[in-house]
Amino acid sequence: MIAEAGLAALWLAAALALLQFALACLGLNDERTQLRHGVRAVAVVQGLFVALAFALLVICFLRSDMSVQLVVTNSHSAKPWLYKLAGTWGNHEGSMLLWVTILGAAGGLVALLERRVVERTLTATLGAQALISFGFYAFLLFASNPFARAFPVPEDGQGLNPLLQDPGLAFHPPTLYIGYVGMSVAFSFAVGALVTRDVGRDFARAMRPWVLGAWIFLTLGITAGSYWAYYELGWGGWWFWDPVENASLMPWLAATALLHSVTVLATRDGLRAWTIMLAVVAFSMSMIGTFLVRSGILTSVHAFAVDPERGSFILALLALYIGGALALFAIRISTVKEGTQFDLVSREGALVANNLLLSAILGIVFVGTLYPLFAEAVSGDKLSVGPPYFNATAGPLTLALVIVMALGPVSRWRRDELRAVVGRVAIPVLLSAAALLAMVVFAPRIHILSFLGIVLAVGVGAASLAPLWGRNLRRTPMITYGMVLAHFGVAVSLAGMATESAFIKETLVASQMGETHTVGPYKITLKSIEPVAGPNWTALEAELVAQRGDNTPFTLRPQSRMFSNPPTETNEAAIATRLDGQLYLVLGKPDGQGRWQLRLWWKPMVTLIWLGGALIALGGLLSLIGRSLRERGQSLRKAYG
């Protein structure tokens, strides 16, 4: 009965979404103001019903209910409870139900919390959100029912992909989905503002926290996904420009541009049309990412669905929503008044340059990701676009972007003097020059992108702190701290990427017992290989002793694991983290001559990559809290005079 109750809740949520959309359309009429209150109430109830449906599916997985087909194909009664829980969204149907649950919950929260825009605009916004939800409800109910029954009922399930059985990945998809779906709220606000011709500061102030919240989760999701791929897949890298990785990067790039654009609109009433367009683009990238991962046109550990028909359904939704929004934008753009003007040398000017560079990088990633698919569809030839293309094209633009990022916060709003701006970044420029000189002397032969990355990271790191110079730090707004921390995080990540790429050391060997090999500053000795067993796997585990100089040696134990449900082999890397980098060891196969393949890496400063990602997200969180507190204070002062 739990599955039937979940399906009933899903049908009710779909019906409520349709009702919400109808009420919103009728409520736009000025004489039917009472209907607008009904739209808010229906949005909240719809969110509750879809949350109930998802909770019931979670119960089916936790109870190992093998009468539900989705549980049979994605779980097993012997799995730890965490991976039973993760199995709920570790598949196509469950992940799409999670997608629409977050969509419904976001609509309900907008209905409950939003008070900054006029009621007609909010009604149109909730109507757009309901229409998006309804499309995905239809997708679930008619193409991807997560509560379908299994017949005959098997004794046990087929298990979960072992690569997904990791605590990091158990929480990675929900984090990423909140970011994806959060862009739907920005999209709905943009549609609502276009419908009511209400593109102005209030609309931007209402949309900004949703964009910022979604951006924070996207940042965390991408950072966590990168680290998961690094330590779980055993390949030794942190970014491969895989199409599924790009599917999350594209909305992040668009969201970052939107975040800066909506700040200009909310603060200085500029970039009105551009902000609307970016809101549409950001959600478009989320939809395209969903299509890429769920359509089956990609083969990846993340791409659960291999079903062109369901992919076609998502493609139709994408065309309907994005095509409709672009058509509305084309019709209403003439009614969007031009915002406040500003000089080229100003903070707005820097933010516009920031937007253009982010858009250019987005275009490069978009083309590089989709071109092989189009080429195969047209000619039948399989092509691949890999790191050489992305590094050569996006790399220089990224370095230009961080320079602009350093100039923006030290520029004044609306109008500034170029000489004054240069003067404010004199110290960061001098520090960059010192770093440049040091690199020329001590590391003259590294790749040019890594070379410039290290030099710019030093300068940008110093420039990101410039907004705090000369301030009373106790009276400095939390928003400023958030901006400083986020920009400093970019410099930290850039330093980690450039340093790791420039100075990485790798040793691939076939080793006999007792042999010692060198990687970076370490000597590694293979002591033994023994069988071990875990809760739902067995493994061969190597004992490797590592020593750096005359320091005390320590032991690392990489594993080659075997899972029975489904039958799969995986590599579990052994990683030792030190202040100046990580030692990363992987056990390979025997070569038939008594030797074992070993892959040994020394990765200087690699942890800075993910530390920087965490700082960026933390900076976003401080900004979100700071703006919320400021708006609450302003509301209280207004209420009590």
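For the range 116-174 versus the range 402-421, the spacing of their alpha-carbon centroids is 44 Å. Across the chain, Cα pairs under 8 Å and at least six residues apart give a relative contact order of 11 percent. Calculated [222 nm] ellipticity per residue, helices only, for the chain: -22000 deg cm²/dmol; basis is -39500 (n - 2.57) per DSSP H run with n ≥ 4, divided by all residues, nearest 500.
Within the shell defined by Cβ-Cβ distances under 13 Å, the residues around Asp30 carry a net charge of +1, with Lys and Arg each +1 and Asp and Glu each -1. Label separation (Phe554 vs Val367): 4.6 nm, computed from points 7 Å beyond Cα along the C-beta direction. Rounded to the nearest 20, the Cβ-based charge dipole of the chain about its Cα centre (Lys and Arg +1, Asp and Glu -1) stands at 2340 debye. Using the 1.4 Å probe convention, the accessible area of the chain works out to 43 Å² per residue with neighbouring protein chains retained. For the range 146-270, relative contact order (Cα pairs under 8 Å, six or more residues apart, normalised by length) works out to 32 percent. Charge tally for Pro558 (other residues, Cβ to Cβ under 14 Å; Lys, Arg +1; Asp, Glu -1): -1.
Inter-part distance, the range 511-549 to the range 320-394, computed on C-alpha centroids, equals 47 Å. Simple spin-label estimate for Leu326 and Ala15 gives 3.7 nm between the two label positions (7 Å along the Cα-to-Cβ direction from each Cα). Which helices, taking whole DSSP H runs in the chain, have alpha carbons extending 20 angstrom or more along the helix axis plus mean Kyte-Doolittle at least 1.0? What comes out of the filter, once short or polar helices are dropped, is 2-27, 33-62, 92-113, 119-143, 167-196, 272-294, 308-332, 347-379, 387-407, 426-442, 448-464, 478-503.
Considering only alpha-carbon pairs that sit under 8 angstrom and 6 or more positions apart, the relative contact order computed for the range 494-641 is 23 percent. Of the listed values (i) 85, 76, 57; (ii) 88, 76, 42; (iii) 79, 77, 47, identify the label whose number matches Cα extents along the principal axes in Å calculated from this model. Among (i) 85, 76, 57; (ii) 88, 76, 42; (iii) 79, 77, 47, the one derived from this structure is (i). Taking all protein chains as they are arranged and a probe of 1.4 Å, the heavy atoms of Glu114 leave approximately 0 Å² accessible to solvent.
For the cross-link pairs Lys79/Lys589; Lys382/Lys603; Lys505/Lys527; Lys527/Lys589, the ones whose C-alpha atoms lie over 24 Å apart are Lys79/Lys589; Lys382/Lys603.
For the pair the range 88-107 / the range 580-609, the C-alpha centres are spaced 37 Å from each other.
Within the shell defined by Cβ-Cβ distances under 14 Å, the residues around Ala53 carry a net charge of -2, with Lys and Arg each +1 and Asp and Glu each -1. Overall, the accessible surface of the chain at a probe of 1.4 angstrom is composed of carbon and sulfur to the extent of 64 percent.
The values are calculated or read from the model by the stated rules, or taken from the named source; none is laboratory data. What you see is a predicted model, and the numbers here were worked out from it, not measured in a lab. As a convention, Cβ positions derive from the backbone with ideal geometry for all residues, glycine included, and neighbour counts pool all protein chains shown. Just the protein is used for accessible areas: all its heavy atoms, side chains included, with ligands, DNA and RNA removed. Shrake-Rupley method; radii C 1.70, N 1.55, O 1.52, S 1.80 Å.
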